[in-house]
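The values are calculated or read from the model by the stated rules, or taken from the named source; none is laboratory data. Keep in mind that this is a model prediction, so the values were computed, not measured. Counting neighbours? That spans all protein chains shown, and the Cβs are built from the backbone with ideal geometry, glycine included. Only protein heavy atoms, including side chains, enter the accessible area calculation; ligands, DNA and RNA are left aside. Shrake-Rupley method; radii C 1.70, N 1.55, O 1.52, S 1.80 Å.
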Amino acid sequence: MIPKNAKKQWYQRRVRADLELGLYAKLQDSEKAVHEALCDSFDTPTAMRVLKTILSDAYSYLHVQKDPNVRLLVQIAVYVTKILSVFGVVSSNDKIGFGGSGAEGAQSTDEIVLPFVKALSQFRDEVRTSAIELKATAILQSCDGLRNNVLPELGVRLEDREIGEPAVFKIDDKETLLREKKQRQEELARKEKEKAEKAAAKEKAAKDKLEKGKLSPLEMFRNDQYSAWDDTGLPTSDAKGTPITNSQMKKLKKLQTVQDKLHKQYLQHISDLEI
């Protein structure tokens, strides 16, 4: 039987997917309608009505979707800005919105955006500080996700400092931020791979050690290299019947001591498994 929470989550994902697909389909229809309007003696009124409709659809989507698809919204914003630049309403240098033209326009955009970024950064600082005190790992991961994944997509650089000190933020080049994000992800993937390889090598070494420890030190020298042994399993004569010398015996005892330790560890491992 499927748990109620699982059904609810599946339903929520399905609704979200339907909303996103619906909005994306409307964007495609809008692009086609604007193209046809511009081809029809540059029918500006019709094109503007289409842009107004797709913006209204985007606002409606935001109203019902608490966790919206940012990429899709950016795609709509970029398209609308592109068409408005064709009409000369905004500068052709602006990717999104009414940024103005030249350095003055860029500066005014930053002045508008920065207060919101500052408020978001301060709120995140408070949440992050509380999460550290409470050792709330999931919340800390969300704070990191905002810094590493969400804000770079919006052209905002945010850097944490010492605990208790506010984070540093600024408007930055989006392409640079995304390139740095990709580099961090690649470095993280490299470290995770290296960690996994070390863990696998450690596990293999442990298994090999246990496998080697299966052999009893009493039996380790009972092979065709020797013809006689004492009560401890140490050889007293080689295969031809020649007595083992003192120097040879010393080396054999050392090897047996090592094997005795490995065998005891193996027996302990078996005993632990049986408990």
* **Sum of side-chain charges, Glu186 neighbourhood, beta-carbon under 14 Å (Lys, Arg +1; Asp, Glu -1)** => +3
* Using helices alone, what [θ] at 222 nm do you get for the chain, with -39,500 (n - 2.57) per DSSP H run of 4 or more residues, divided over all residues and rounded to the nearest 500? -> -24000 deg cm²/dmol
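Roughly speaking, what % of Cα-Cα pairs in segment 112-257 are separated by over 25 Å, rounded to a whole number? Write out the running numbers ahead of the final one.
On the way: 6336 of 10585 pairs.
When all Cα pairs of segment 112-257 are counted, 60 percent exceed 25 Å.
Counting only protein heavy atoms and using a 1.4 Å probe, what share of the accessible area of segment 168-275 belongs to carbon plus sulfur, as a whole percent? Intermediate results must be reported in sequence, preceding the final value.
Values: 4660 of 8500 Å².
The computed percentage sits at 55.
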* Structure fact -> Computed from every Cα-Cα pair in segment 28-76, P(r) in 5 Å bins starting at 0 and rounded to whole percents is 5, 21, 25, 19, 14, 10, 5, 1, 0
* With a 1.4 Å probe and every protein chain left in place, tell me how much accessible area Thr46 has, in Å² to the nearest 10. => 40 Å²
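Taking segment 175-257 on its own, what percent of its Cα-Cα pair distances exceed 19 Å? Don't skip to the answer; put the middle values down first.
Numbers: 2079 of 3403 pairs.
Of all Cα-Cα pairs in segment 175-257, 61 percent lie more than 19 Å apart.
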* Asked: For Gln248, what is the net charge nearby, where nearby means another residue's Cβ is under 14 Å from its Cβ and Lys, Arg count +1, Asp, Glu -1?
  -> +3
* To do: Check the straight Cα-Cα distances from Lys240 and name the aspartates and glutamates below 15 Å, setting aside those fewer than 8 residues away within the same chain.
  => Asp224
* Asked: Where in segment 175-275 are there trypsin sites (Lys or Arg not before Pro) that are in a DSSP coil and have at most 15 other Cβ atoms within 10 angstrom of their Cβ?
  -> Lys214, Arg222, Lys240
* Structure fact -> Along the dipole axis of the chain (charges at Cβ: +1 for Lys and Arg, -1 for Asp and Glu; origin at the Cα centre), the most positive-end residue among Leu19, Ser56, Gln75 is Leu19
* Using the Kyte-Doolittle scale, which helices in the chain average at least 0.0 and also have C-alpha atoms spread 27 Å or more along the helix axis, with helices defined as whole DSSP H runs? -> 44-64
* **Cross-link table Lys174/Lys202; Lys193/Lys214; Lys209/Lys251, entries beyond 30 Å C-alpha to C-alpha** => Lys174/Lys202; Lys193/Lys214
* Structure fact -> The answer for the longest stretch of the chain without any exposed GluC sites (Glu not before Pro) (DSSP loop, at most 13 further Cβ atoms within 10 Å) is 1-161
* Net charge of neighbours whose Cβ lies under 9 Å from the Cβ of Pro152, counting Lys and Arg as +1 and Asp and Glu as -1 -> +1
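Between rounded, prolate and oblate, where does the chain land on the alpha carbon gyration tensor, with a ≥ b ≥ c its root eigenvalues, rounded for a/c under 1.5, else prolate if a/b exceeds b/c? Each step should come with its number before you reach the end.
Details: a/c = 3.50, a/b = 3.09, b/c = 1.13.
Prolate is the answer for the chain, as a/c is 1.5 or above and a/b outweighs b/c.
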